[in-house]
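Working notes for the structure below.
The values are calculated or read from the model by the stated rules, or taken from the named source; none is laboratory data. From a predicted model like this one, the values you see are computed outputs, not experimental measurements. Methodologically, a virtual Cβ is constructed for each residue, glycine included, from the backbone with ideal geometry; neighbour enumeration extends over all protein chains shown. With ligands, DNA and RNA removed, areas are computed over all heavy atoms of the protein, side chains included. Shrake-Rupley method; radii C 1.70, N 1.55, O 1.52, S 1.80 Å.
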Amino acid sequence: MGGPRSLDDVNSYLNGIFADRDIMQLPVQDYLGPFIANRRTKKVQDEYQQIGALSNASRFYSTQAKTNAVKTGILLMNMGGPRSLDDVNSYLNGIFADRDIMQLPVQDYLGPFIANRRTKKVQDEYQQIGGPHKYYIGFRYNEPKTETALQQMKADGVNRAIAFSQYFQYSCSTTGSNLNELYRQVHDIDGGRQIKWSFIDRWGDNDQLVQVFANNIEKSLKAMAQKVGNDGVSSVPILFSAHSLPLYVVLKGDPYVAEVGATVGLVMKELRRRKVRNPYRLIWQSEVGPLKWLGPSTEHVIKTINASTNGKIDSVVMVPIAFGSDHIETLYELGIEYRNLASESGIVNYELVSPPNDDDIFAQGMAAEVVSHLAKCSSSSGSANSLDNQVYMECPGCVSEQCRITKKWISSHQNSIE
């Protein structure tokens, strides 16, 4: 979904969210959506300022967007890899010429010799895994948008692509909305179907993802133990907080609630294996607008958990179980707003667990998800029959024609995966 890149972008970002009927359906949405977005703009801008945002990473896309008074620039650095088979030789020459990596005798001669000897072998290896891979970012409401990413993919000559949702658990309002937008942009930009698609639409049961959440929870429990003692820490509740959904979305059969619960169950199973005995609950945050939302809300639980237990519960560990990285809903909503609310509501100790962010194990899990997906695609000789058929199923109460169109389009690619 992305997020605003500057304070000036907040209003257009919010207008995009409240106009998107895949996320929520409001009465007279064309009027009420902008009204809510405009009303919330100043509040959200203030929240971003309180967490030291907005910060901009180096551009992942070719179009240079206008930025305002950037506070923090984040340069993501790595060794990289060849973008095409023709790049393999120069890439290997760079590695074997770098004395920070290895120091060879007569390196100026031996380095190129080894690189040239290895080039054909490495090219063959890349061909066996489908060639060099390049990652693109497609956000819904800010650049680089899905349209921008798709245009770049076309320009790069991509003919095989994986739509990899960065939402762990599937919802029509998140991954579904992104897939609908992908369909619309492919229809406009790649009508000739140069690019063959397959889909990773949910991965909340990923082993490394579960491990990272369990690791981070244990770190927070150790920090909590320093405040309440080793004897008291095991009774501190672990509160798994996920983004809520309008209740009508849940009632039509959206799988999100079940899938978030499944992730929680896997994390707790891993923690139980590690002898962690804390009680836990799943709660729901970030409800906005004049709709009934899934509960219990994170705000309500924080307000009442101390009083409803006659002061017995005065410490909590909060886990952002549906978020892959820190952003306004973790840093501000959970980290500032709800922390302050907890203090006002009798909660003495409040530990916020970090989401996976840039954890190496998390990155390995993402890579493993892609490798497994590619292997499943190739194992059935070009058919997607070995893939998870969940992606093709509509919600039992779905009334969205766009959803049906998108699902049909997704299904049409199942026999064209190479």
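Among the residues of segment 154-164, which ones are crowded, with 17+ Cβ neighbours inside 10 Å and either farther than 24 Å from Ala363 by Cα or free of Cβ contacts under 8 Å to residues at least 40 places away in the same chain (or both)? Within segment 154-164, Val158, Ala161, Ala163 meet the criteria.
For segment 274-298, residues that are open to solvent by 30 Å² or more (accessible area, probe 1.4 Å) and in a helix (DSSP H, G or I) total 0. For segment 223-249, taking the residues that are open to solvent by 20 Å² or more (accessible area, probe 1.4 Å) and outside any helix (DSSP H, G or I), the one that is farthest from Met24 (Cα to Cα) is identified as Gly229.
Yes/no matrix, rows are residues, columns are (1) assigned by the TED database to the domain that holds Trp293; (2) out of contact with any Gly (no Cβ under 9 Å at 6 or more places or on another chain); (3) surrounded by fewer than 19 Cβ atoms within 10 Å (Cβ to Cβ); (4) outside any helix (DSSP H, G or I):
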| residue | (1), (2), (3), (4) |
| --- | --- |
| Gln152 | no, yes, no, no |
| Gln166 | no, no, yes, yes |
| Ser173 | no, yes, no, yes |
| Val186 | no, yes, no, no |
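Every condition in (1) at pLDDT 90 or above; (2) open to solvent by less than 10 Å² (accessible area, probe 1.4 Å) is met by Ser198 except one, and the failing one is (1). Condition check: assigned by the TED database to the domain that holds Gly397 and at pLDDT 90 or above. Does Gln107 satisfy that? Considered against the rule, which asks whether it is assigned by the TED database to the domain that holds Gly397 and at pLDDT 90 or above, Gln107 comes out as no. Counting the residues of segment 314-331 that are surrounded by 19 or more Cβ atoms within 10 Å (Cβ to Cβ) and in contact with a helix residue (DSSP H, G or I) (Cβ under 8 Å, 6 or more places away or on another chain) gives 10. Answer with yes or no whether Ser177 is more than 27 Å from Ile17 (Cα to Cα) and either open to solvent by less than 20 Å² (accessible area, probe 1.4 Å) or of a type in the set (Val, Ile, Thr) (or both). In short, no.
In the set Val301, Val353, Val260, only one residue is touching a helix residue (DSSP H, G or I) at 6+ places or on another chain (Cβ under 7 Å) and buried (at least 18 other Cβ atoms within 10 Å of the Cβ); that residue is Val353.
Taking the criterion of being modelled with pLDDT of 90 or more, loosely packed, with under 14 Cβ neighbours inside 10 Å, outside the structural domain of Gln45 (by the TED database) and part of a loop (DSSP other than H, G, I, E, B), would at least one residue in segment 358-378 satisfy it? Yes: segment 358-378 contains one or more residues that are modelled with pLDDT of 90 or more, loosely packed, with under 14 Cβ neighbours inside 10 Å, outside the structural domain of Gln45 (by the TED database) and part of a loop (DSSP other than H, G, I, E, B).
In segment 381-413, the residue that is modelled with the highest pLDDT out of those that are of a type in the set (S, T, N, Q) and open to solvent by less than 30 Å² (accessible area, probe 1.4 Å) is Thr406.
Within segment 322-343, residues that are at negative phi sit with their Cβ atoms under 8 Å from residues that are of a type in the set (Asp, Glu) and open to solvent by less than 20 Å² (accessible area, probe 1.4 Å), at 6+ positions apart or across chains, in these pairs: Ile328/Glu47; Tyr332/Glu47; Glu333/Glu47; Ile336/Glu47; Glu337/Glu47.
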